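> Here's a structure for you.
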Amino acid sequence: MTLTLAATSPAATVCDALLVGIAPAKGKTVDVYAHGLTAAQSRKLAEALASAGATGKAGEVTRIPAQTGIKAKTIVGVGLGEFRTMKGFESFRRSIGNAVRSVAGMKKIAIIATPDIPHLRPLALGAQLAAYSFTAHKGKSKGATPVPSIVLLVPGAATPEQKELISELNVITSSVFLARDLVNTPPNALPPVELAKAAKDAVAGLPVKVTTWDVAALKRDGCGGILGVGQGSTNPPRLVKLEYAPAGATKHLSLVGKGITFDTGGISIKPAAQMDEMKGDMGGAAAVIAAVKAIAELGLKVKVTGWVPTAENMPSGEAMRPGDVITMFDGTTVEVLNTDAEGRLILADALGMAVLEKPTLLIDAATLTGAQGVALGSRISGVMSNDDEARAQVCAAADAAGEEVWPMPLSEDFRPAFDSATADLANIGDRFGGMMGAGVFLQEFIPKGQPWVHIDIARPSFNDKAAYGYTPKGGTGAAVRTFVQVAQELATE
Ligand code: BES
Ligand code: MN
Ligand code: ZN
């Protein structure tokens, strides 16, 4: 998928579909936002769209056949609602996303664009993010790539600001697509060794140093969490470190992502229903890999370290047992009371390593708990922190990037439930407030004074329902845009 800017007049643009923004109007028809059309063309278009049922409300998609004087084969009215007075742009991004998904399969799409940067940004991003499909594993049923090219029609020659915006969004979109691809890849095709390879491939040719820990190196360094979780699988675990350190950077952002390539639950095995979705239990790792790639491609002046602990959680004769005690990288011993609470075990090792570098800000993203979905639903990620300012910073960055999050409390009241009679800690606490409990467990591996933010993306990273707005079914790329936004804010000018 490529997105380009063009200054050709909308009426003269030869394309399969011409997308036109519309909004509710006081009279009978709709308001058409179409620079470059004559007043008569706009009026006729508004009438044709209205008689096809268009009202202009947000998210509505109305397709009408070619109109005289306009070269496009079909015209699509994109309901925007009262977008000029909206506070945020998410509804705008979703509306254009709906329209782009509705023309999937067509070759050339043109959009009559709002030229001002504050509106062009969500319009371009929503359009791009919607033009996604995952067909790598379609065999005989493989079809054409949907929407291979989108042209944004701007009045007059594209400005330098517009061009810069589009090249930035092309980088961000391709990274979000990489994260979606990794999540959607079947678990037999993406065991830990392959995920580690994918991390390396993602940053090939970029100024990013890649270090991979194999089983021997994990043993040498005492990564008992990653080894313990991985020991039940014939596919060995790995840890990958990605380092981007541009000259002139003054801040250091550390990103950690949970990379369970498949979570059966282990000996504490999960029920069969929807277990296939646990191929997405590496959504945090995918977001870290994709974000480091985007940040390096954008050349942001901020040091970024990505940590990807990855393992497959399987039951077997060699698997971890409930009751086993393992020793984490920082020396903490953990009694594994439930082998399905495995994410926190691999994260403990990676967080323990990450904090040794004392980054300015440490953020982890993880598909950590089913309790996230109970608390916040399928689309809102939970944000927890040991530092009010850091939590507010990450929530604000998510808002700016267009990702839905909500702050959740890490009360010390969750901590006693993790007491173990045998070890320093147990890996499960209270059933209630399980998302925060998991956060409190992770906090045990963060030294005082180290700003750290934990994002539970359990359900938002995988859309098991129908596509909506610019979000496809399956992998969504959750946390990628938030990570890049935080890096952009930390970068020195
Ligand atoms: N990967 C799961 C969490 C999850 C559930 C992600 C649903 C996406 C959708 C995690 O490893 C897990 O199994 N957590 C357990 C923890 C419990 C045993 C304390 C859970 O949430 O049930
Ligand atoms: Mn689990
Ligand atoms: Zn898991």
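> Does segment 287-304 contain at least one residue that is within 16 Å of ligand 2 (Cβ to nearest atom) and of a type in the set (Val, Ile, Thr)?
Initial filter on segment 287-304 (within 16 Å of ligand 2 (Cβ to nearest atom)): none.
There is no residue in segment 287-304 that is within 16 Å of ligand 2 (Cβ to nearest atom) and of a type in the set (Val, Ile, Thr).
> Which ones in segment 286-321 are within 16 Å of ligand 1 (Cβ to nearest atom), part of a strand (DSSP E or B) and open to solvent by 10 Å² or more (accessible area, probe 1.4 Å)?
Matches in segment 286-321: Glu312 only.
> Can you name the residue in segment 269-285 that is among the hydrophobic types (A, V, I, L, M, F, W, C) and in a loop (DSSP other than H, G, I, E, B) and is also least open to solvent (accessible area, probe 1.4 Å) among such residues? Don't jump to the end; show me each part of the working.
Taking segment 269-285 first, the residues among the hydrophobic types (A, V, I, L, M, F, W, C) are 269, 272-273, 275, 278, 282, 285.
Filter once more, keeping what is in a loop (DSSP other than H, G, I, E, B): 269, 272-273, 282.
Working: Ile269: 104, Ala272: 90, Ala273: 76, Met282: 1 Å².
Residue satisfying both the conditions and the ranking: Met282.
> Right, next: Quick check on segment 441-464. Is at least one of its residues in a helix (DSSP H, G or I), touching a Ser or Thr at 6+ places or on another chain (Cβ under 6 Å) and in the same structural domain as Gln372 (by TED's automatic domain parsing)?
Within segment 441-464, the first condition is being in a helix (DSSP H, G or I), and the residues that meet it are 441-443.
Now restrict to residues that are touching a Ser or Thr at 6+ places or on another chain (Cβ under 6 Å): none.
Within segment 441-464 (the criterion being in a helix (DSSP H, G or I), touching a Ser or Thr at 6+ places or on another chain (Cβ under 6 Å) and in the same structural domain as Gln372 (by TED's automatic domain parsing)), the answer is no, since none of the residues qualifies.
> Looking at segment 200-217 only, could you name the residues that are touching a residue at least 40 places away in the same chain (Cβ under 8 Å) and not aliphatic (A, V, I, L, M)? Write out each step before concluding.
Kept after step one, since they are touching a residue at least 40 places away in the same chain (Cβ under 8 Å), are these residues of segment 200-217: 200, 202-203, 206-208.
Those that are touching a residue at least 40 places away in the same chain (Cβ under 8 Å) and not aliphatic (A, V, I, L, M): Lys200, Pro207.
> Which condition number in (1) within 16 Å of ligand 3 (Cβ to nearest atom); (2) open to solvent by 50 Å² or more (accessible area, probe 1.4 Å) is the one that Lys448 fails?
Here Lys448 meets the rest and fails (1).
> Just for segment 339-357: of the residues that are more than 16 Å from Glu444 (Cα to Cα) and not in a helix (DSSP H, G or I), which one is nearest to ligand 2 (Cβ to nearest atom)?
Going residue by residue through segment 339-357, those that are more than 16 Å from Glu444 (Cα to Cα) are 339-340, 357.
Next cut, not in a helix (DSSP H, G or I) only: 339-340.
Working: Thr339: 8, Asp340: 4 Å.
Filtering first and then ranking leaves Asp340.
> Against the definition (touching a helix residue (DSSP H, G or I) at 6+ places or on another chain (Cβ under 9 Å) and of a type outside the set (A, V, I, L, M)), how does Ser385 come out, yes or no? Step through it out loud before you land on a result.
Details: touching a helix residue (DSSP H, G or I) at 6+ places or on another chain (Cβ under 9 Å): yes; of a type outside the set (A, V, I, L, M): yes.
In short, yes.
> Of the residues Thr68, Thr62, which single one is polar (S, T, N, Q) and open to solvent by 50 Å² or more (accessible area, probe 1.4 Å)? Reasoning before the result, please.
On the way: Thr62 fails: open to solvent by 50 Å² or more (accessible area, probe 1.4 Å).
Result: Thr68 is the single residue among Thr68, Thr62 that is polar (S, T, N, Q) and open to solvent by 50 Å² or more (accessible area, probe 1.4 Å).
> Of all residues in segment 410-429, count the ones that are open to solvent by less than 60 Å² (accessible area, probe 1.4 Å) and touching a strand residue (DSSP E or B) at 6+ places or on another chain (Cβ under 7 Å).
7
> Suppose the filter is more than 10 Å from ligand 3 (Cβ to nearest atom), open to solvent by less than 10 Å² (accessible area, probe 1.4 Å) and either not in a helix (DSSP H, G or I) or not hydrophobic (A, V, I, L, M, F, W, C) (or both); does Ala365 pass it? Before you say what the answer is, go through the steps one by one.
Working: more than 10 Å from ligand 3 (Cβ to nearest atom): yes; open to solvent by less than 10 Å² (accessible area, probe 1.4 Å): yes; either not in a helix (DSSP H, G or I) or not hydrophobic (A, V, I, L, M, F, W, C) (or both): yes.
So Ala365 fits the description; yes.
> How many residues does segment 111-127 contain that are open to solvent by less than 20 Å² (accessible area, probe 1.4 Å) and either farther than 17 Å from Ala7 by Cα or outside the structural domain of Val61 (by TED's automatic domain parsing) (or both)? Spell out how you get there, then give the answer.
Let us first name the residues in segment 111-127 that are open to solvent by less than 20 Å² (accessible area, probe 1.4 Å), namely 111-114, 120, 122-127.
From what is left, the residues that are either farther than 17 Å from Ala7 by Cα or outside the structural domain of Val61 (by TED's automatic domain parsing) (or both) are 122, 125-127.
Looking only at that region, the number is 4.
> Let me ask something additional. Among the residues of segment 417-440, write down those that are in a helix (DSSP H, G or I), among the small types (Gly, Ala, Ser) and over 24 Å from the mean Cα position of the chain (by Cα).
Ala417
> With the requirement that a residue be away from ligand 3 (no atom under 15 Å from the Cβ) and either in contact with a Cys (Cβ under 9 Å, 6 or more places away or on another chain) or open to solvent by 10 Å² or more (accessible area, probe 1.4 Å) (or both), what does segment 350-362 give you? Before the answer, list the steps.
Pass one, segment 350-362, residues away from ligand 3 (no atom under 15 Å from the Cβ): 351-362.
Scanning segment 350-362 gives Gly352, Met353, Val355, Leu356, Glu357, Lys358, Thr360.
> Scan the strands (runs of 3 or more DSSP E) fully inside segment 206-268 and keep the ones with 2 or more residues being away from ligand 1 (no atom under 16 Å from the Cβ) and buried (at least 16 other Cβ atoms within 10 Å of the Cβ).
On the way: elements: 209-213, 238-244, 252-257, 259-263.
Of the strands (runs of 3 or more DSSP E) lying wholly inside segment 206-268, those with at least 2 residues that are away from ligand 1 (no atom under 16 Å from the Cβ) and buried (at least 16 other Cβ atoms within 10 Å of the Cβ) span 209-213, 238-244, 252-257.
> Quick one: is Gly377 buried (at least 22 other Cβ atoms within 10 Å of the Cβ), assigned by TED's automatic domain parsing to the domain that holds Lys465 and in contact (Cβ under 8 Å) with a residue 60 or more places away in the chain? Steps first, please.
Values: buried (at least 22 other Cβ atoms within 10 Å of the Cβ): no; assigned by TED's automatic domain parsing to the domain that holds Lys465: yes; in contact (Cβ under 8 Å) with a residue 60 or more places away in the chain: yes.
When the stated conditions are applied, Gly377 does not pass them.
> Looking at Gly225, Gly266, can you tell me which residue is on the phi > 0 side of the Ramachandran plot, in contact with an Asp or Glu (Cβ under 9 Å, 6 or more places away or on another chain), within 15 Å of ligand 2 (Cβ to nearest atom) and assigned by TED's automatic domain parsing to the domain that holds Gly323? Quick ask: steps written out before the conclusion?
Numbers: Gly225 fails: on the phi > 0 side of the Ramachandran plot.
Checking each option against the conditions leaves just Gly266.
> While we're looking at this one, here's another question. Is at least one residue of segment 323-338 open to solvent by less than 10 Å² (accessible area, probe 1.4 Å), outside any strand (DSSP E or B) and either within 16 Å of ligand 2 (Cβ to nearest atom) or modelled with pLDDT of 95 or more (or both)? Steps first, answer last, please.
Here is the first cut: in segment 323-338, the ones open to solvent by less than 10 Å² (accessible area, probe 1.4 Å) are 328, 334, 336.
Then keep just the ones that are outside any strand (DSSP E or B); that gives 328, 336.
After this cut, where a residue has to be either within 16 Å of ligand 2 (Cβ to nearest atom) or modelled with pLDDT of 95 or more (or both) as well, the list is 328, 336.
Yes: one or more hits.
> Please indicate, with yes or no, whether at least one residue in segment 338-350 is touching a residue at least 24 places away in the same chain (Cβ under 8 Å) and away from ligand 1 (no atom under 14 Å from the Cβ). Don't jump to the end; show me each part of the working.
Of the residues in segment 338-350, the ones touching a residue at least 24 places away in the same chain (Cβ under 8 Å) are 338-350.
Still in the list and also away from ligand 1 (no atom under 14 Å from the Cβ): 349-350.
Within segment 338-350, one or more residues are touching a residue at least 24 places away in the same chain (Cβ under 8 Å) and away from ligand 1 (no atom under 14 Å from the Cβ).
> Residues of segment 387-409 being surrounded by fewer than 19 Cβ atoms within 10 Å (Cβ to Cβ), outside any helix (DSSP H, G or I) and in contact (Cβ under 8 Å) with a residue 40 or more places away in the chain, which ones?
Asp387, Glu404 - these are the residues of segment 387-409 that are surrounded by fewer than 19 Cβ atoms within 10 Å (Cβ to Cβ), outside any helix (DSSP H, G or I) and in contact (Cβ under 8 Å) with a residue 40 or more places away in the chain.
The values are calculated or read from the model by the stated rules, or taken from the named source; none is laboratory data. Here the structure is a predicted model, which means the values were calculated and not measured. Here the Cβ is made from the backbone with ideal geometry for all residues, glycine too, and neighbour counts use every protein chain on show. Keep in mind that these areas ignore ligands, DNA and RNA; they rest on the heavy atoms of the full protein, side chains included. Shrake-Rupley method; radii C 1.70, N 1.55, O 1.52, S 1.80 Å.
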